[in-house]
Amino acid sequence: MIKDYQTIAAISTPPGEGGIGIIRISGSQALAIALKVLQIPGLRGKTPKVRRVYHGYVVDQSKKEKVDEVIFFYFKNPNSYTGEDVAEIQTHGGIAVLRKTLELILAAGAVLAEAGEFTKRAFLNGRLDLTQAEAVMDLIQANSEEGAKQAMLQLDGALGRFVRKTLSRILNLIASIEVSLDFPEDYDPLDREALLAVLAELEAELRELLSTFKQGNLVRQGLKTVIVGRPNVGKSTLLNSLLGEDRAIVTATAGTTRDVLEEYYNLEGITLRLVDTAGLRQSQDEIEMMGIARTRSAIDTADLILWVVDAEEDLQDEDRELASLIKDKPYIPVINKTDLRHGQKIAADLKDLDLNREPVMIAAAPGQGLDDLRQAISQLVFAGKALAKNTPILTKTRHQQSVSQAMEQIAACQQAVAAYLPEDCYVIHLKDAYEALASLVGEGSYDEIIENIFAQFCVGK
Ligand SMILES: Nc1nc2c(ncn2[C@@H]2O[C@H](COP(=O)(O)OP(=O)(O)OP(=O)(O)O)[C@@H](O)[C@H]2O)c(=O)[nH]1
Ligand SMILES: [Mg+2]
């Protein structure tokens, strides 16, 4: 059933000059309000047809003047984005015209939509499940192609479908346990082996879904990739070559970079947050020491480290210290300046450290070996596997928490069955697992979650 909320309106196109601007109106009064501000010659007083595109004008009745030439159409509930009546007006002019039109619409009885309110209504009217609604927000915010692709898949409901399928399997389990408890005469006693088998399968599936979280998070937020190394090895040069612009200052003087510098970089659709840092060495210089402290904290929070050494030099104690600092992180040793010397000596030194990682040979200044480096990065990030293209992945902490709770409850249920605890215990765990997963697709009323999510949307979506 469509709930009757106030009719809302907002500018749906992003701020800035665009070819067209869109204003959406949603609610039971959408059409009536739109018609108050429009003059549509083709109508001649008749009611417009659903989904038919009309040409007309926005008119300021008080001044009897045309504000803009527009395109107009409307959708009838429940067949619209929000599930309500939706009217859309496409203007041609810039932001001033859009604002004026919106003003007229508000004066005609609509209220200004809050951020995310269109999508929230779509959700509340049962048009989208919660994961799809979040996906819309991701789509708006996605800052890498891969992120956008994931958002599309989720919008399509890959995650939602998986979760709903799992929910119905859990419900089936609960039902079969309850039935064998309540009607022992009519039904066979509980088959523990079969129950354990299903539980194990469910647990494995949820575990696999959970394992996609880190990947999903990386896709969305960008992988913090910190470039470290001794002074003057060419870290800033590497950053510049990857970006293809002179972003960081490069000089022949050691200790040039004093502060961390961060830039987004798109590697085959994966967003990297490339971080250039101050070279690590013993220093008395106060500013340089502060820079070095920042380098250390950047290492702590890094997802991936590019450790640069100089092909012209031997491995130094400072390099070894650095190696021990980063050894527990995913990192790639990078031998730079191979245009000056082939770097076999330092490669052998690196081998002696027993790092178990193949160094990548580059010459950052002339831009050699960068493809190898890019390939090494993507291999390390995705362990040679392409990003999951058709399977659902978890991209939100909230998703991860729900799935992990559900998995814990399934595991607890397995233990209860194995320990021959009373059947009631199984049901309790299964219900908890169900609730944890149900919150993921927003089944049941979870006002807080809903408010939180939709507050992050921008107005007009
Ligand atoms: N021949 C050659 N020179 C390079 C290469 N990469 C960097 N350099 C030179 O090495 C010097 C130091 O480069 P930077 O990029 O400033 O080094 P850095 O590691 O950022 O140094 P700090 O900021 O002081 O820690 C500069 O003179 C660069 O031109 C390279 O691949 N080949
Ligand atoms: Mg530098």
Carbon/sulfur fraction of accessible area - the range 8-128, other protein chains in place, 1.4 Å, %
54 percent
Testing the spin-label approximation: label points 7 Å from Cα along Cα→Cβ at residue 43 and residue 345. State their distance in nm.
8.3 nm
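Assuming 0.36 nm per residue, please report the length gained on full extension of the stretch residue 165 to residue 249 beyond their Cα-Cα distance. Mind dumping the intermediate values first?
Working: separation 84, 0.36 × 84 = 30.24 nm, distance 5.43 nm.
That works out to 24.8 nm of additional length.
If the viscosity is 0.890 mPa s and the temperature 25 °C, what Stokes-Einstein diffusion coefficient in µm²/s follows for the range 8-128 when Rh is the Kirkwood radius over Cα pairs? Present the calculation step by step, with values, prior to reporting the outcome.
Details: Rh = 14.3 Å.
The estimated diffusion coefficient comes to 171 µm²/s.
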Going 7 Å from the Cα of residue 290 along its beta-carbon direction, which residues of the range 229-269 have the amide nitrogen within less than 11 Å of the resulting point?
259
Unit charges at the beta carbon, dipole of the range 276-364: most positive-side option, 283, 335, 304
304
At a 10 angstrom cut-off on C-beta neighbours, averaged per residue, how do the peptides 348-359, 226-237 rank from highest to lowest?
226-237, 348-359
About the Cα centre, charge dipole magnitude for the range 8-128 (Lys/Arg +1, Asp/Glu -1 at Cβ), debye
460 debye
Report, as a whole number in µm² per second, the diffusion coefficient that Stokes-Einstein gives for the range 223-382 at 37 °C and 0.692 mPa s using the Kirkwood radius over alpha carbon pairs.
213 µm²/s
Under 5 Å, built H, 5+ apart or other chain: amide partners of residue 395:
none
Taking 0.36 nm per residue of separation and subtracting the Cα-Cα distance, what length does fully extending residue 368 through residue 28 add?
116.1 nm
Accessible area in the full protein assembly, largest first, 1.4 Å probe, for 361, 289:
289, 361
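Out of the total accessible area of the range 254-372 (probe 1.4 Å, heavy atoms of protein only), what percent is carbon and sulfur?
Details: 2700 of 6060 Å².
Carbon and sulfur: 45 percent of the exposed surface of the range 254-372.
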So with the 1.4 Å probe, I'd like the accessible area per residue for the range 8-128, rounded to whole Å².
48 Å²
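In this model, which of 76/165; 49/120; 235/345; 224/396 are farther than 23 Å apart at the alpha-carbon? Working shown, then result.
Details: 76/165 31 Å; 49/120 26 Å; 235/345 20 Å; 224/396 17 Å.
Correct reply: 76/165; 49/120.
The values are calculated or read from the model by the stated rules, or taken from the named source; none is laboratory data. Just so it is clear, the model here is predicted, and its values are computed rather than measured. Using ideal geometry, Cβ is built from the backbone for each residue, glycine included, and neighbour counts are taken over all protein chains shown. Accessible surface areas use protein heavy atoms only, side chains included; no ligands, DNA or RNA. Shrake-Rupley method; radii C 1.70, N 1.55, O 1.52, S 1.80 Å.
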